[in-house]
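Here the structure comes first, spelled out in structure tokens, and everything after it is commentary.
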Amino acid sequence: METFWITWWTGILEETDIGGTPLNVWVCQDCSKEKAPHSVKELRELSIEELPEDIELHKPYVDKVHLTCSCGGTMVRTSEVIDVWFDSGSMPFAQYHYPFENKDMFKKQFPADVVIEGVDQTRGWFYSLLAVSTLFTGQSPYKRVLSLGHILDENGQKMSKSKGNALNPTELINEFGADSLRWALLADSSPWNNKRFSKKTVSHAKSKVIDTLLNVYSFYSMYAEIDQFNPDSDMGGTRTTLDKWVLSRLNTVIREVVQSLDDYDVTKGARSIATFVDELSNWYVRRSRQRFWSSGMTDDKRSAFSTLFEVLKKLTQLMAPYTPFVTEDIYSNLVKDSVHVSDYPQPDETQINKQLEKNMDVVLQIIELTRSLRNKVGIKTKQPLAQLVVVPTEETTLSQLQKYVSIIKDEMNIKEVIFKNDYQDLLQVDFKLNFSVVGPKVGKTVGEVKNKVDVLDDYEKGKFLENREIQLLLNSGETITLNSDDILIEKKGKNGFELLEGSKFIALLDTNLTQELKEEGLVREFVRAVQTYRKELNLPVELRVDLFVQTDLQLQEVLIKFDELVQKNLIINAVHFESKPDMISFKVEGHEVQLYIKS
């Protein structure tokens, strides 16, 4: 290390270029004595010439200054200059003209909390700061160093104009917005890593985070205006489990982000925020829509408004350092003030409920598992199903999950959700011999072993699953032992149940469709078609309308039978089965439908 510093300083002092910083050392032409004035004042005292008030201390002007030596000889400045990075290394002191003045100000801000530069500037910036400060004060000038990696193109090549692969930041800002560009740079990967970057990165940041946040705010502001919700006077209501969950998640994320920023890990904080923005939009708001649609300012609706207002307010404060423009717009509309003069949010530990968050995470896992099952068998979520059986694969308190059954039923459109540990009555287990493992062990008897495995009954299979081994008696009288490496196990549902195994749960979905379930699925498809047409007409979301429907007798009877479901999911006065001019036509599961909406 000592050799490194000697080499480094030698490199700095050997410069003679006019662009460097002149070394403040004068040498006597007679006795070779050296003198280094400590200040301009001392330079004036030693100078043979009278120096002007605005003396220029750079080359070539400073070379015209001569000093008087104690031997009576004349001293001239040495020809060496210091590398210009010496100026940068002197910044902590030079900015305050320390130690000649501003001593208190200097002590308050030295050493710096963090110093940041590109990795290619390590020698110039980080080292020069450290060297100058060590020589001058004996201590480091900074507490932390953040070395930034290079921004590369999408193929991993360094961006340059000559290669034609450089992106124009102004064009990116004009196309996607400054916040999207900032988020892409801060959240995509840790700043100390080289970063592959493209327009896709910025586009993804815009769609996944910025636009999602704006959509949540637009949802809130639209319904707040319809219901004349005033956060200054209307906050309150009885919080639901979903309200408590989102507030717990909000404060957990605030805690994570504050800790990440304290640790100078901006990317970790950004990823926590991105996850929460997705949860807020695709879980809390989506699950709460019916609450905002209800008539009048009910206690439940007041709680929904109050919760979403609080979340948006604190979330914009939390995101403000990352995305200063969109957060300023949202926050100023919410509270009529600037987000950038508000205090940074701190977690409210009383609102954090880790068990609730854990339980809701389990619910989301079950829902994703069930959604995958629906996709596997090709049954859309609009089609109601009779039953979902959920079996934990690890120790779980099933009673804690019972309170979330209604959420799973509603989200996955299932009539009954059952949590149980024993599911053998719904399970079909198929055993197959693992030839690649067993073949070398048993040789020519592998065919006989396969046949015996194929005819194992349910009891024998159950014992194998319990003990993870089984003994088979061959015709030769020899007994062989098979273990879990020797047998491939395939689990399937039976009696119309489809099975899918996740990391923590097994889901069994009843895919049997009764006439009643088919009819309800038909009605839900009709509701979806009406909602789509209503959007095309740009009708206000709160406007109640009349539906005029012409269709076949079968669908008409089904719509009448499920009128309550239609009324619950569509903001309407009534459904009239009669013709009107200018009706549009569409099909619902093969049924021809003509529709007219009267506002």
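The values are calculated or read from the model by the stated rules, or taken from the named source; none is laboratory data. It should be emphasised that the depicted structure is a prediction, and the values quoted were computed from it without experimental measurement. Neighbour counts are summed over all protein chains in view; Cβ atoms, including those assigned to glycine, are modelled from backbone coordinates with ideal geometry. Heavy atoms of the whole protein, side chains included, go into the accessibility calculation; ligands, DNA and RNA do not. Shrake-Rupley method; radii C 1.70, N 1.55, O 1.52, S 1.80 Å.
Miscellaneous remarks
- Over the range 149-300, the pair-distance histogram of Cα-Cα distances with 5 Å bins from zero comes to 2, 8, 14, 16, 16, 13, 11, 8, 5, 4, 2, 1, 0 percent, rounded to whole numbers.
- Per residue solvent-accessible surface (Å²) - the range 174-262, probe of 1.4 Å: 47
- Solvent-accessible surface (1.4 angstrom probe) belonging to PHE219, in square angstrom, nearest 10: 30
- With 23 Å as the limit, the listed pairs LYS432/LYS491; LYS450/LYS491; LYS314/LYS535; LYS268/LYS409; LYS409/LYS518 have LYS314/LYS535; LYS268/LYS409 beyond it between alpha carbons.
- Across the range 432-582, Cα-Cα pairs farther apart than 24 Å form 60% of the total.
- Local electrostatic count at GLU498 - Lys and Arg +1, Asp and Glu -1, tallied over other residues with Cβ under 13 Å: +4
- Shape of the range 58-161, Cα gyration tensor, a/c cut at 1.5: oblate
- The modelled label-to-label distance for the pair GLN121/TYR344, using points 7 Å beyond Cα in the direction of Cβ, is 2.2 nm.
- Packing around the peptides 256-268, 453-465, taken as the average count of other Cβ atoms within 10 Å per residue, puts them in this order, highest first: 256-268, 453-465.
- Inter-part distance, the range 335-361 to the range 141-165, computed on C-alpha centroids, equals 35 Å.
- For the range 505-599, the Kirkwood estimate of the hydrodynamic radius, built from every pair of different alpha carbons, is 14.3 Å.
- Matching label, percent of Cα pairs over 30 Å apart computed from the structure shown, candidates (i) 56; (ii) 72; (iii) 50: (ii)
- Mean Cβ count within 10 Å, highest first, over the residues of peptides 309-320, 222-233, 237-248, 545-556: 309-320, 237-248, 545-556, 222-233
- Stokes-Einstein, applied to the Kirkwood radius of the range 266-347 over Cα pairs at a viscosity of 1.002 mPa s and 20 °C, places its translational diffusion at 155 µm² s⁻¹.
- Shape of the range 407-519, Cα gyration tensor, a/c cut at 1.5: prolate
- Farthest toward positive dipole pole in the chain [+1 Lys/Arg, -1 Asp/Glu at C-beta], among SER207, HIS591, GLY164: HIS591
- Placing a pseudo-label 7 Å from each Cα along the Cα-to-Cβ vector at GLN424 and LYS244 gives an inter-label distance of 3.8 nm.
- Whether the range 376-436 is rounded, prolate or oblate, judged on the alpha carbon gyration tensor where a/c under 1.5 counts as rounded: oblate
- Accessible surface of the range 371-500 [probe 1.4 Å, protein heavy atoms]: carbon and sulfur percent: 45
- With contacts taken as Cα pairs under 8 Å and at least 6 residues apart, the range 178-310 reaches a relative contact order of 37 percent.
- At a probe radius of 1.4 angstrom, the accessible area of the range 309-452 per residue rounds to 49 square angstrom.
- Counting only protein heavy atoms and using a 1.4 Å probe, the accessible area of TRP293 comes to about 90 Å².
- Mean residue ellipticity, 222 nm, helices only, the chain: the sum of -39500 (n - 2.57) across DSSP H runs of n ≥ 4, divided by residue count and rounded to 500, is -13500 deg cm²/dmol.
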